[in-house]
Each structure stands twice: as structure tokens, then as C-alpha cells.
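First up is the structure itself, then whatever we jot down about it.
The values are calculated or read from the model by the stated rules, or taken from the named source; none is laboratory data. Just so it is clear, the model here is predicted, and its values are computed rather than measured. Note that each Cβ is placed from the backbone with ideal geometry, even for glycine, and that neighbours are counted across all protein chains shown.
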Amino acid sequence: MTITMRAGSGPDELLHKVEVLSEQHLANCYQCGTCAATCPLAAQMDLLPDMLIRHLLFGLPGVLERRTLWVCVGCESCTDRCPRGIDVARIIEALRQIRLQDRGDELAVAQLPDAARELPPIALVASLRRHTG
Ligand code: SF4
Ligand code: SF4
């Protein structure tokens, strides 16, 4: 599927950006809830993956502010099990990218606690790559 980026802003534009970045057609989702049921982090999310897609389709506000974007670890269980072949993990990754582009870094490097220095370097680098623009 080829989707080209267009100019503008608003809820429709967010949906369009997500579809361009993720290369997924969100209207293919029929809201079965399998992605949410198989997500190991669902209990920590403030908007389950199926609801997140519905919010995007309906143009509901606040999607980019959801904790779900940062709780998702990209394990792709949702993607593997979606009966509609939707790459849900990629949709959430697209939202993270948009959020980082629009609002700057999610993780302030200068404000990391001293305990962060005890982390394995690869964990620290991976976290910074994922949470900073
Ligand atoms: S598993 Fe696929 S079709 Fe079902 S709610 Fe999730 S994204 Fe939609
Ligand atoms: S990729 Fe994210 S949303 Fe999908 S199952 Fe894994 S943690 Fe849950």
C-alpha cells in the first residue's frame, strides 16, 4: 500500500500521518480486541491498542498524550495475532515518532537519576534511542 503525506493539521491529519508512517490502513481493524487480549503490558496501559486505533479513526483527542505509547515494548504479539494482518506495533511506533517530533524528548537525559548510571549501557542506549527524538 502506498500512502502519500499531505499538508494540514487536526485529527484527520494525525490519522493520515500514522497511516503514512506505519503503512497500515487503520480502517481494516474490525475491533475484535485480540491485540489487547494478547498484549503483555495491557494492564499498564491507559488506552488499549484496539481502543487506540478506534480513537484515531474517530479523531478523538489526546492519543499522543497516552501512557500506552511508552508502555508498549514493541514485542509484536499484537501484530502476530491480528486476524486482519494489521501491524499494531508499527502503529504505536508511528505515534511515538510523531510525539517525539512534535513535542521533543520524552526522556530528559539531564534529569536521569543517579541509579540510571548503574544500568547496563545497552539498556540505557536503547532507552534513549526509543524515548528521544
Ligand atoms: S487484533 Fe487487529 S482487527 Fe482486532 S482489534 Fe486489534 S488491530 Fe483490530
Ligand atoms: S507490541 Fe506493544 S501493544 Fe503490541 S503486544 Fe507488544 S507491548 Fe502490547
Exercise for the section: Identify the single condition in (1) of a type outside the set (S, T, N, Q); (2) within 13 Å of ligand 2 (Cβ to nearest atom); (3) over 13 Å from the mean Cα position of the chain (by Cα) that Met51 does not satisfy, given that it satisfies every other one. Expected result: (3)
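Taking the stated definitions as given, is Leu57 part of a helix (DSSP H, G or I), within 13 Å of ligand 1 (Cβ to nearest atom), at pLDDT 95 or above and surrounded by fewer than 17 Cβ atoms within 10 Å (Cβ to Cβ)?
Values: part of a helix (DSSP H, G or I): yes; within 13 Å of ligand 1 (Cβ to nearest atom): yes; at pLDDT 95 or above: yes; surrounded by fewer than 17 Cβ atoms within 10 Å (Cβ to Cβ): yes.
For Leu57, the condition - part of a helix (DSSP H, G or I), within 13 Å of ligand 1 (Cβ to nearest atom), at pLDDT 95 or above and surrounded by fewer than 17 Cβ atoms within 10 Å (Cβ to Cβ) - is met.
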Exercise for the section: Please indicate, with yes or no, whether at least one residue in segment 79-86 is more than 21 Å from Gly33 (Cα to Cα), surrounded by 16 or more Cβ atoms within 10 Å (Cβ to Cβ) and out of contact with any strand residue (DSSP E or B) (no Cβ under 8 Å at 6 or more places or on another chain). Expected result: no
Practice task
May I ask you to verify whether Arg117 is surrounded by fewer than 13 Cβ atoms within 10 Å (Cβ to Cβ), of a type in the set (Lys, Arg) and over 16 Å from the mean Cα position of the chain (by Cα)?
Solution key: yes
Problem - Test: residue in segment 19-29 that is in a loop (DSSP other than H, G, I, E, B), away from ligand 1 (no atom under 14 Å from the Cβ) and closer than 11 Å to Ile92 by Cβ - result: no
Problem - Ile86 vs. criteria at pLDDT 95 or above, farther than 18 Å from Ser127 by Cα, β-branched (Val, Ile, Thr) and part of a helix (DSSP H, G or I) - result: no
